[in-house]
Amino acid sequence: MIRVGFMGFGQTGREAVFPFFGSKRVDLCWVMKHSDELRGLYASSFHHLDYDKAPIFSECDWSEEFLIQNPVDVVVDFSNSSNVCKYDLLARHGIRIVSAVSKYSDEEVALLQQLSTQTAIIWSPNITLGINILLMASRFIQAATPEADIQILESHFKDKKEISGTAQRIADTLGVDHDNIHSIRAGGILGEHEIIFGYPYQTIRLSHDTISRRAFGRGALSCCRWIYKKKTGLFNMSDMLVEDMRDWLNGLEIA
Ligand SMILES: NC(=O)C1=CN([C@@H]2O[C@H](COP(=O)(O)OP(=O)(O)OC[C@H]3O[C@@H](n4cnc5c(N)ncnc54)[C@H](O)[C@@H]3O)[C@@H](O)[C@H]2O)C=CC1
Ligand SMILES: O=C(O)C1=N[C@H](C(=O)O)C[C@H](O)C1
């Protein structure tokens with residue numbers, strides 16, 4: 001079993017833990033929350049499961065001693081970028097890191113790079129499998145039709161302040177100016193992204209909708225299984241998908 005610790009138990013973390021409870025290969029050992037309001041409860045109790053699993057700790061419990069008493073192989077992070085200050089301790093213990101934090105500053109990315117010489121880190125501003133497959137498909141369309149006008153549309157819940165990290169990653173991957181990102185903030189939209197490829201007489205649209213925050217947990221679970229096998233390095237989900245696809249292609253029987 002791969003032992004996993006989980007940081008960040010806000011609106012996303014609470015839902016993202018759910019797929020971990022059904023896993024046969026991954027054991028969710030604990031959840032770390034910023035405040036101590038839920039300390040002593042179990043993450044499983046938020047999903048009406050009939051067992052107690054993944055005790056909730058608070059940041060005041062965090063220390064090297066805590067990691068020794070509650071050992072894990074991988075830590076998943078759904079908190080915020082400031083939490084990167086904890087990664088040094090994780091790296092020193094060889095604990096792999098799955099970061100779902102949407103946006104890091106340049107300095108924080110440099111820190112991730114530096115720590116990735118000691119442990120393996122996978123960082124994805126959108127950890128759904130769907131959006132990462134969409135990203136690969138968009139590269140194919142761009143390579144086939146480099147003349148396309150590309151616009152990126154992202155819609156999220158009213159309170160999301162920053163521009164979608166996913167949209168920025170799409171723009172950077174396709175070499176598109178960030179001015180071509182258009183943001184909508186309305187009600188409780190969980191996360192919708194669309195890439196529009198415009199041509200003189202036609203349009204291609206690639207879109208992805210998150211219909212449950214559990215989709216983020218499903219992707220994070222796949223990342224845990226993959227990053228556990230790596231020793232060092234900073235990866236993204238394309239690295240994971242390309243490697244998986246290569247294995248799949250190698251396994252195909254050629255008639
Ligand atoms: N990569 C992805 O696919 C996704 C990424 N996100 C990102 O995940 C993060 C969390 O999003 P939400 O849950 O919507 O926000 P939120 O504000 O509801 O939750 C964040 C939680 O992290 C906690 N937190 C803050 N600092 C912490 C620390 N040092 N240690 C432990 N917990 C800490 C906060 O108290 C809060 O409960 C954001 O960066 C968001 O952009 C959200 C959805 C998907
Ligand atoms: O804050 C969120 O919720 C989300 N953030 C990510 C982003 O900024 O791209 C990913 C997802 O769409 C949800």
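Flag set for residue 171, criterion: in a helix (DSSP H, G or I) and either without any contact (Cβ under 8 Å) to a residue 24 or more places away in the chain or in contact with a Gly (Cβ under 7 Å, 6 or more places away or on another chain) (or both).
On inspection, residue 23 fails the criterion of being in contact with a strand residue (DSSP E or B) (Cβ under 8 Å, 6 or more places away or on another chain), among the polar types (S, T, N, Q), touching a residue at least 12 places away in the same chain (Cβ under 8 Å) and open to solvent by 10 Å² or more (accessible area, probe 1.4 Å).
Taking first residues from the range 45-64 that are without any contact (Cβ under 8 Å) to a residue 12 or more places away in the chain and partners that are open to solvent by 60 Å² or more (accessible area, probe 1.4 Å) and not in a helix (DSSP H, G or I), the Cβ contacts under 8 Å between residues at least 6 apart in sequence or on separate chains come to 45/52; 52/42.
Quick grid of which residues meet (1) more than 18 Å from the chain's Cα centre (by Cα); (2) open to solvent by less than 30 Å² (accessible area, probe 1.4 Å); (3) at pLDDT 95 or above; (4) more than 16 Å from ligand 1 (Cβ to nearest atom):
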{"position": "98", "(1), (2), (3), (4)": "no, yes, yes, no"}
{"position": "108", "(1), (2), (3), (4)": "no, no, yes, no"}
{"position": "116", "(1), (2), (3), (4)": "no, yes, yes, yes"}
{"position": "146", "(1), (2), (3), (4)": "yes, no, yes, yes"}
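For (1) modelled with pLDDT of 95 or more; (2) not assigned by TED's automatic domain parsing to the domain that holds residue 19; (3) not in a strand (DSSP E or B), each residue gets a yes or a no:
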position	(1), (2), (3)
201	yes, yes, yes
204	yes, yes, no
220	yes, no, yes
224	yes, no, yes
231	yes, no, yes
234	yes, no, no
242	no, no, yes
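Taking the range 66-97 only, how many residues are within 16 Å of ligand 2 (Cβ to nearest atom) and of a type in the set (D, E, K, R)? Here the count works out to 1. Can you name the residue in the range 215-255 that is without any contact (Cβ under 8 Å) to a residue 60 or more places away in the chain and under 15 Å from residue 120 (Cβ atoms) and, of all such residues, is surrounded by the fewest Cβ atoms within 10 Å (Cβ to Cβ)? So, considering only residues that are without any contact (Cβ under 8 Å) to a residue 60 or more places away in the chain and under 15 Å from residue 120 (Cβ atoms), the one surrounded by the fewest Cβ atoms within 10 Å (Cβ to Cβ) is 229.
When you check residue 28 against the structure, is it of a type outside the set (Asp, Glu), more than 22 Å from residue 216 (Cβ to Cβ), at pLDDT 95 or above and surrounded by 15 or more Cβ atoms within 10 Å (Cβ to Cβ), yes or no? In short, no. Scanning the range 165-201 for residues that are farther than 18 Å from residue 100 by Cβ, touching a His at 6+ places or on another chain (Cβ under 7 Å) and not aliphatic (A, V, I, L, M) yields one hit, 185.
The values are calculated or read from the model by the stated rules, or taken from the named source; none is laboratory data. Only a predicted model underlies this, so the values are computations on that prediction, with no experimental measurement involved. So basically every Cβ, Gly included, is an ideal-geometry build from the backbone, and we count neighbours across all protein chains shown. Areas reflect the complete protein model, heavy atoms only, side chains present, ligands, DNA and RNA absent. Shrake-Rupley method; radii C 1.70, N 1.55, O 1.52, S 1.80 Å.
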